[in-house]
Every structure is written in structure tokens, then in C-alpha cells.
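A short write-up of the structure that comes next.
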Amino acid sequence: MTSEKKDLPGWLIDSKLNTFSRKMGKKAVVYGLGETVRGINKRGWTYTSFCSDEPNHFEDKRSLYGAQNFFIIDDEDTVGYFWDTPESVEFDIGFSKIDEIIVRQTSPDVDIYVIEGKNKKEIVSEFRKLTGACYIPPKWAFGYGQSRWSYINEDEVREVVSKYEELGIPIDSVYLDIDYMERFKDFTINEEAFPDFAKFVKEMLDKGIHLVPIIDAGVKVEDGYSVYEEGVKNNYFCKKEDGTDLVAAVWPGKSHFPDFLNDEVRAWFGQKYKLLLDAGIDGFWNDMNEPAIFYTEDHLREVFDEIEEFKGKNLDIHSFFKFKEVVGDIDNNSEDFKRFYHNYDGVKIRHDKVHNLFGFNMTKAAGEAFEKISPDKRILMFSRASYIGMHRYGGVWTGDNKSWWSHLLLSIQQMPALNMCGFLYSGCDIGGFGADCTEDLLLRWLESGLFNPLYRNHAADYTRRQELYSFGETVDFKNIVGLRYALIPYIYSEFMKAALNNGMFYMPLAFEYKDERVNEIEDQLLVGESIMIAPIYKQNASGRYVYLPEDMKMVRFRSAFDYDEEVLQKGDHYVDVALNEVVIFIRPGHALPIAPVSKNVSDIDYSKIEWITYRCDASSYEMYNDDGYSRIN
Ligand code: GLC
């Protein structure tokens with residue numbers, strides 16, 4: 001249901017300042033906003049919805065990569081709101097005033113949707129009906145994925161795969177970061193490093209390994225490079241005010257940005273994925289599509305002029321900080337987003353007015369093309385930038401987190417908010433992308449993310465290696481990843497039910513239980529219909545307090561075939577969880593299927609499933625399964 005801006009029930013409108021505000025009761029909880037910093041309850045901070053290439057996910061950041069303007073206020077009344085605007089919008093949730101939400105719009109041109117329902121779950125489902133069916137990846141994409149920026153040639157990839165084979169650790173995919181390309185040019189292959197790419201893709205597929213290449217938003221400026229030349233010739237790149245193509249530097253150096261908002265450009269760019277699909281590739285990740293800008297040619301020129309003034313001067317404290325600001329503000333400079341334009345149905349629109357739609361439309365370009373190029377087979381796709389509605393074409397990963405315990409907790413808290421917005425196929429870089437990972441952090445992260453649909457270990461170049469064999473002893477890693485595979489029948493079944501019924505896979509406890517305690521629980525989640533998780537996210541912790549909103553059966557796994565069960569009463573419990581253990585809780589009247597550990601997703605033997613049940617038998621669980629690759633929606 002949409003509401004006229006002049007009358008948004010419960011809100012005060014200041015049309016001069018372009019703000020909407022409403023009071024929040026002391027106990028009100030605000031859920032949603034997708035991928036942001038901070039907790040499940042968004043109260044107490046201000047969030048700017050503006051897709052940002054932000055590698056430092058500090059507590060004081062206001063924007064990350066996504067713009068997902070949907071939230072639910074759970075107060076005396078429970079209502080959902082979707083602020084549909086492609087430009088920046090600020091959600092001040094108890095930041096300026098502790099008991100007020102203030103939404104500050106950049107322009108008045110916004111559609112506000114008021115989503116009603118009898119409870120939070122129903123509001124989410126109404127919202128999802130409005131925004132469309134959720135993207136469904138191939139089933140192999142639920143397996144373990146190994147990534148690192150960067151495996152630079154075939155032999156490095158082979159080495160990774162053979163280590164996993166030798167150790168018997170299940171794996172389904174290896175990711176190719178920017179180095180597989182020829183000098184970071186989209187839709188090219190570095191032929192020295194991968195002399196016969198199609199043959200290599202097949203060699204890997206024969207071992208059950210899917211290679212997943214990255215595609216970046218920026219197209220390298222280089223004569224003779226067909227993507228560049230076609231784009232220039234057909235006016236497919238974003239242009240500056242003077243009609244010339246914007247030059248922005250990203251990984252390939254000077255680059256142009258395809259005008260993804262334009263239908264023809266999307267169709268053209270989307271078809272480019274065919275080159276890799278024809279080589280046997282069946283999955284991609286779209287990156288740098290906020291878009292990330294290291295610098296624009298124009299701004300760099302301005303910076304050089306400006307710093308000229310500082311030369312030879314004795315920099316006092318003020319001028320020193322000014323100098324730092326001029327230099328430090330080069331990348332993703334806000335003025336740069338005002339330097340270029342889109343051609344939307346013949347209308348010229350300045351980029352910052354539609355900024356949040358850029359990454360969405362890059363992923364839409366791929367999704368639309370996949371429907372044509374691969375009408376029968378699902379293709380894996382997830383993106384870094386996103387906007388509401390992109391969930392129809394792909395999932396997301398939460399970008400460049402760090403190997404920090406606080407980011408392990410953040411990754412747990414981001415999942416339900418992403419699910420609310422329809423991004424069910426999502427996950428974080430397990431082990432952390434930036435900074436050095438440790439053995440205990442990686443184990444705890446694999447355990448806490450055990451149910452993440454996207455289960456990928458990814459790390460930045462120059463960081464400590466964090467493949468599962470990098471820390472010496474591998475048995476615990478093998479057991480945990482084995483357990484993941486044993487749980488895939490459940491994960492896939494619950495994921496698919498959520499996807500097909502506009503539901504959530506990960507939910508805050510307060511979406512199911514009514515007692516007030518659950519409103520404050522920030523570190524436990526419901527996963528599908530049967531279980532609750534309460535991960536360990538503190539270093540050196542050998543256990544934690546867990547709140548049970550009802551009696552539950554605790555299952556302590558040391559591996560998929562070594563576990564014990566204990567019924568615990570509703571209430572608070574201190575639960576020991578050793579570094580090599582995963583503890584989960586089964587809800588009454590629910591069952592959990594456990595398959596034998598398999599070497600990859602296609603080998604999972606559904607005929608040998610065992611069940612852990614609590615106050616029911618296995619027949620009470622409705623298992624969803626399918627061939628794992630045919631398109632469904
Ligand atoms: C960006 C991505 C990261 C990738 C890197 C190099 O930082 O977020 O995942 O490894 O670029 O391509």
C-alpha cells in the first residue's frame with residue numbers, strides 16, 4: 001500500500017527540510033535496512049543509504065555497499081516502510097534524538113510504501129510480494145567455496161583443489177579474482193596464466209569444482225580492446241556534462257562505466273558473460289559496482305592543483321589537516337558522483353540522483369542475459385552493491401570485512417536484515433577479507449556461518465593465507481565443513497521454502513517469539529523452521545550464555561557423525577562450546593535431517609539421511625528438494 005507523502009500516518013513531515021519524523025516508544029525496536037553496520041536493532045545510529053565502496057566496516061560508518069531502504073518499526077504498532085528512492089537518503093534512528101526516527105531525503109521525489117501485516121513475518125512477506133520473487137542459485141553454490149585474491153594461474157588453482165582432495169575436505173567451488181583477466185579487463189582471460197581456459201574449466205568441473213570468476217563494473221580504456229571499443233562507438237558509457245566519456249580509475253587503471261540504467265547497454269553488457277559461459281563457467285560475482293572510483297581524471301587534476309599550494313610551506317595544524325583531507329579524499333569522492341550522467345530512455349540524469357541503482361542494474365544486466373543464454377540452467381550470481389529489487393537477479397556478499405571477531409558478530413547480525421529485503425542467497429567473507437586471520441577465528445567463523453547460503457572463505461592479497469590447510473592441523477576444519485555438507489539438505493530445503501514463499505531463512509528471535517526478552521537478543525538467530533543458533537564470537541571463549549525462549553533440544557556436534565543431544569528447559573543457560581564444536585538448538589515439534597558427509601553437493605546421498613527430532617518424528621518435516629539446476633522462477 002502506498003501513502004501520499006502529505007499524509008504518512010504517525011509521521012511529522014517537514015517539507016522544507018524534506019524530512020519525516022516519528023516518535024519511538026522506549027521499547028520500540030527497528031529491524032531492517034539490509035547490509036549496514038551495528039546490530040539487529042538499528043536504534044541508536046544514523047545510516048546513510050548510499051552504495052559505498054567502504055572497506056572499513058567500523059561502528060561509526062554510515063554507509064556500506066548496499067542501499068536497502070526497508071525497515072520495520074516494532075512499537076505499539078508494527079509497521080514496515082520502504083523508502084523507494086535511487087538517491088541518498090538518511091535514516092536517523094534515535095541518533096539525533098534518542099526517541100525519534102528522522103528520515104532525511106535528498107529530494108522530495110520519493111515513493112514511500114507503508115507495509116502492513118499482522119506481525120513482522122507477514123510484513124516481510126507482503127514487502128517481498130511487492131518486490132518480486134527471490135533469485136535462486138544452483139544447488140552446488142551451497143557447497144564450500146575457496147577464494148583468495150588472487151589465485152593467479154591454473155597451477156595455483158590446481159594446488160588449492162588438490163590440497164582439498166588430499167585432505168578429504170569437501171569443496172564445490174574456487175573463485176577467480178581479478179588476476180584471471182588480462183590486465184583486469186572484463187571478459188578477457190590472461191592466456192599466459194590460463195592457456196586453455198575452457199579446457200581448464202572442464203578439468204575442474206570433472207573434479208566437481210566450479211570456477212567462479214569476478215566481473216568488475218569498470219571497463220578498461222584501451223585501444224584494441226573490443227568491450228571498450230564497442231562501448232565507445234555505441235555511446236554505452238556514462239558521460240560527463242560535456243558529452244565525453246567519464247574516465248575513472250579502478251583496478252584496470254583508467255576505465256569507463258557502462259551506463260547500466262540503459263536497456264540497450266544492459267543487453268550488450270549481459271551478452272558479454274556468454275564468453276565465459278561458453279567456456280563452461282556457471283557462476284560469477286559482480287564487484288566494484290557501487291561504483292567504486294579510485295580517482296577520476298578530472299578530480300585528480302584538481303587535487304594536483306590544490307596540493308601545489310601547500311608545497312614548500314610550513315604546514316600548521318590546520319593546513320596539515322586540510323592537506324590530508326585533499327589527498328585522503330581522492331577515492332570515492334562525493335563530487336565525482338556528480339560528474340557523470342546516465343541516459344535513461346533519452347533523459348539525461350546526473351549519476352548521484354540514481355546512484356543506488358548502478359550495481360543493481362549491473363546485476364540485472366547479467367540476470368537478464370542468463371535467462372536468454374542459459375534458459376534451462378541456473379547460474380550463480382552475487383553482487384557487492386545492491387538496491388531493493390536486485391534480489392530478483394542475484395544475491396550479495398557483504399564485501400571487504402576484516403579478520404576481526406567484531407566482524408564475525410556483525411556478519412551474524414547482517415543476515416536477517418538482508419533476508420528481510422529478499423537477499424536470501426547471501427554471506428560474508430568467512431575468515432575475514434582484510435587483516436590476518438587466526439586458526440581459532442577461522443574455525444569459529446566457519447561454525448557461526450555454518451548455515452550461510454553463501455559459504456565462502458575469501459581473503460585479500462597480502463594477508464595471511466587462510467585456506468583450511470594453512471594452519472597445520474586440519475581435522476577440525478574437515479569436521480566442520482563436513483558437517484556443513486551433512487546439513488545441506490536442511491539448508492537447501494529451508495532456503496527454497498523461504499525463497500518460494502517470500503519468507504526468511506535467517507530470522508531474529510523476535511520474529512517468532514513474543515516474550516520481551518527476545519527483543520534484546522542480538523547474537524542468536526532462527527535458521528529455517530527447526531533450529532536456533534547461538535554462535536561463539538569472542539576469542540578464547542569456551543562457552544556462552546544462551547537464552548531459550550522455549551524448551552529446546554541442544555545438539556552438540558563434533559562432526560556430522562559424532563554428536564550428543566540434551567533437552568534444555570526454557571530460560572538462560574551457560575553452554576560450553578569447545579573450539580571444535582558446533583551447538584545448535586532444535587525447536588519442539590521439529591526435526592533436522594543429517595546426510596552422510598559427501599565430497600561435494602552433487603554427491604549428497606538423500607537416501608541415507610538420519611534425523612534428529614524433538615517431540616515429533618521425522619515425518620513432520622517437509623523436505624524440499626529438486627535437481628538443483630533447473631530454473632524455477
Ligand atoms: C574488492 C572486492 C574483493 C576483491 C578485490 C579484488 O575489494 O570486494 O572481494 O577480492 O576487490 O578484486
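For the stretch 601-620, which positions are buried (at least 18 other Cβ atoms within 10 Å of the Cβ), in contact with a strand residue (DSSP E or B) (Cβ under 8 Å, 6 or more places away or on another chain) and either in a helix (DSSP H, G or I) or not aliphatic (A, V, I, L, M) (or both)?
Those that are buried (at least 18 other Cβ atoms within 10 Å of the Cβ), in contact with a strand residue (DSSP E or B) (Cβ under 8 Å, 6 or more places away or on another chain) and either in a helix (DSSP H, G or I) or not aliphatic (A, V, I, L, M) (or both): Thr613, Tyr614.
Only one of Glu35, Glu54 is within 16 Å of the ligand (Cβ to nearest atom), assigned to a loop (DSSP other than H, G, I, E, B) and touching a helix residue (DSSP H, G or I) at 6+ places or on another chain (Cβ under 6 Å); which?
Glu35
Scan the stretch 346-365 for residues that are closer than 26 Å to Lys274 by Cβ and either of a type in the set (Lys, Arg) or surrounded by fewer than 23 Cβ atoms within 10 Å (Cβ to Cβ) (or both) and report the count.
1
Only one of Tyr485, Tyr545, Tyr490, Tyr513 is among the aromatic types (Phe, Trp, Tyr) and within 12 Å of Ile584 (Cβ to Cβ). Can you tell me which?
Matching residue, one of Tyr485, Tyr545, Tyr490, Tyr513: Tyr490.
Taking the stretch 162-218, which residues are more than 12 Å from the ligand (Cβ to nearest atom), without any contact (Cβ under 8 Å) to a residue 60 or more places away in the chain, assigned to a helix (DSSP H, G or I) and not charged (D, E, K, R)?
Ser162, Phe200, Met204
Which residue is nearest to the chain's Cα centre (by Cα), if the candidates are limited to the stretch 435-459 and must be surrounded by fewer than 19 Cβ atoms within 10 Å (Cβ to Cβ) and either under 16 Å from Ser147 (Cα atoms) or within 16 Å of the ligand (Cβ to nearest atom) (or both)? Can you show your working first?
Our first condition is that a residue be surrounded by fewer than 19 Cβ atoms within 10 Å (Cβ to Cβ); within the stretch 435-459, this holds for 435-436, 438-440.
Then keep just the ones that are either under 16 Å from Ser147 (Cα atoms) or within 16 Å of the ligand (Cβ to nearest atom) (or both); that gives 435-436.
Details: Ala435: 19, Asp436: 21 Å.
Step by step, filter the stretch 435-459, then rank; the result is Ala435.
How many of the residues in the stretch 93-113 are surrounded by 14 or more Cβ atoms within 10 Å (Cβ to Cβ) and either farther than 24 Å from Glu76 by Cβ or touching a helix residue (DSSP H, G or I) at 6+ places or on another chain (Cβ under 9 Å) (or both)? Break it down stepwise before answering.
Here is the first cut: in the stretch 93-113, the residues surrounded by 14 or more Cβ atoms within 10 Å (Cβ to Cβ) are 93-95, 100-106, 110, 112-113.
Of the ones still in play, those that are also either farther than 24 Å from Glu76 by Cβ or touching a helix residue (DSSP H, G or I) at 6+ places or on another chain (Cβ under 9 Å) (or both) are 104-106, 110, 113.
Total satisfying the criteria: 5.
For the stretch 528-600, list the strands (runs of 3 or more DSSP E) that sit wholly inside it and hold at least 2 residues that are touching a strand residue (DSSP E or B) at 6+ places or on another chain (Cβ under 8 Å), surrounded by fewer than 15 Cβ atoms within 10 Å (Cβ to Cβ) and touching a residue at least 40 places away in the same chain (Cβ under 8 Å); which are they?
Details: elements: 531-533, 543-548, 552-559, 562-568, 571-576, 582-586, 590-594.
Filter on the stretch 528-600 gives 562-568.
If the Cβ limit is 7 Å and pairs must be 6+ apart or interchain, which residue in the stretch 368-384 that is over 28 Å from Gly34 (Cβ atoms) pairs with which residue that is hydrophobic (A, V, I, L, M, F, W, C)?
Ile373/Leu277
Note down all Cβ pairs under 8 Å where the first residue falls in the stretch 393-406 and is under 18 Å from Thr463 (Cα atoms), the second is among the hydroxyl-bearing types (Ser, Thr, Tyr) and away from the ligand (no atom under 15 Å from the Cβ), and they're at least six residues apart or on different chains.
So the pair list comes out as Ser403/Thr438; Trp405/Tyr537.
When only residues in the stretch 460-479 that are acidic (Asp, Glu) and open to solvent by 10 Å² or more (accessible area, probe 1.4 Å) count, which is nearest to Glu581 (Cα to Cα)?
Restricting to residues being acidic (Asp, Glu) and open to solvent by 10 Å² or more (accessible area, probe 1.4 Å), the top hit is Asp476.
If you check Phe294, Phe337, which single one turns out to be open to solvent by 50 Å² or more (accessible area, probe 1.4 Å) and under 27 Å from the mean Cα position of the chain (by Cα)? Spell out the reasoning first.
Working: Phe337 fails: open to solvent by 50 Å² or more (accessible area, probe 1.4 Å).
Step by step, each of Phe294, Phe337 is checked, and only Phe294 is open to solvent by 50 Å² or more (accessible area, probe 1.4 Å) and under 27 Å from the mean Cα position of the chain (by Cα).
From the list Pro137, Pro86, which one is in contact (Cβ under 8 Å) with a residue 60 or more places away in the chain, surrounded by 19 or more Cβ atoms within 10 Å (Cβ to Cβ), touching a Leu at 6+ places or on another chain (Cβ under 7 Å) and under 30 Å from Leu450 (Cα atoms)?
Pro137
Quick check: is even one residue across the stretch 144-152 more than 15 Å from the ligand (Cβ to nearest atom) and open to solvent by 10 Å² or more (accessible area, probe 1.4 Å)?
no
Answer yes if at least one residue in the stretch 612-624 is among the small types (Gly, Ala, Ser) and free of Cβ contacts under 8 Å to residues at least 24 places away in the same chain, and no otherwise.
Within the stretch 612-624, the first condition is being among the small types (Gly, Ala, Ser), and the residues that meet it are 618-620.
Restricting the remaining residues to those that are free of Cβ contacts under 8 Å to residues at least 24 places away in the same chain gives 619.
Among the residues of the stretch 612-624, at least one is among the small types (Gly, Ala, Ser) and free of Cβ contacts under 8 Å to residues at least 24 places away in the same chain, which makes the answer yes.
What number of residues within the stretch 114-134 are part of a helix (DSSP H, G or I) and either free of Cβ contacts under 8 Å to residues at least 24 places away in the same chain or open to solvent by 10 Å² or more (accessible area, probe 1.4 Å) (or both)? Break it down into steps so the answer makes sense when it comes.
Taking the stretch 114-134 and keeping what is part of a helix (DSSP H, G or I), we get 120-131.
Still in the list and also either free of Cβ contacts under 8 Å to residues at least 24 places away in the same chain or open to solvent by 10 Å² or more (accessible area, probe 1.4 Å) (or both): 120-122, 125-126, 129-131.
Of the residues in that region, 8 qualify.
So which pairs qualify, if the first residue must be in the stretch 43-61 and under 17 Å from Ile72 (Cβ atoms), the second must be assigned to a loop (DSSP other than H, G, I, E, B) and more than 16 Å from the ligand (Cβ to nearest atom), the Cβ gap must be under 6 Å, and the two must be at least 6 apart or on different chains?
That search, which allows pairs on different chains as well, returns Arg43/Gly94; Gly44/Gly94; Trp45/Arg38; Trp45/Phe95; Tyr47/Leu33; Tyr47/Thr36; Tyr47/Arg62; Ser49/Asn69.
Going by the conditions given, is Phe20 open to solvent by less than 60 Å² (accessible area, probe 1.4 Å), at pLDDT 95 or above, of a type in the set (A, V, I, L, M, F, W, C) and within 20 Å of the chain's Cα centre (by Cα)? Before you say what the answer is, go through the steps one by one.
On the way: open to solvent by less than 60 Å² (accessible area, probe 1.4 Å): yes; at pLDDT 95 or above: yes; of a type in the set (A, V, I, L, M, F, W, C): yes; within 20 Å of the chain's Cα centre (by Cα): no.
Answer is no for this residue.
The values are calculated or read from the model by the stated rules, or taken from the named source; none is laboratory data. What you are looking at is a predicted structure, and each value in this text was computed from that prediction instead of being measured. Note that each Cβ is placed from the backbone with ideal geometry, even for glycine, and that neighbours are counted across all protein chains shown. These accessible areas exclude ligands, DNA and RNA; they are computed on the full protein's heavy atoms, side chains included. Shrake-Rupley method; radii C 1.70, N 1.55, O 1.52, S 1.80 Å.
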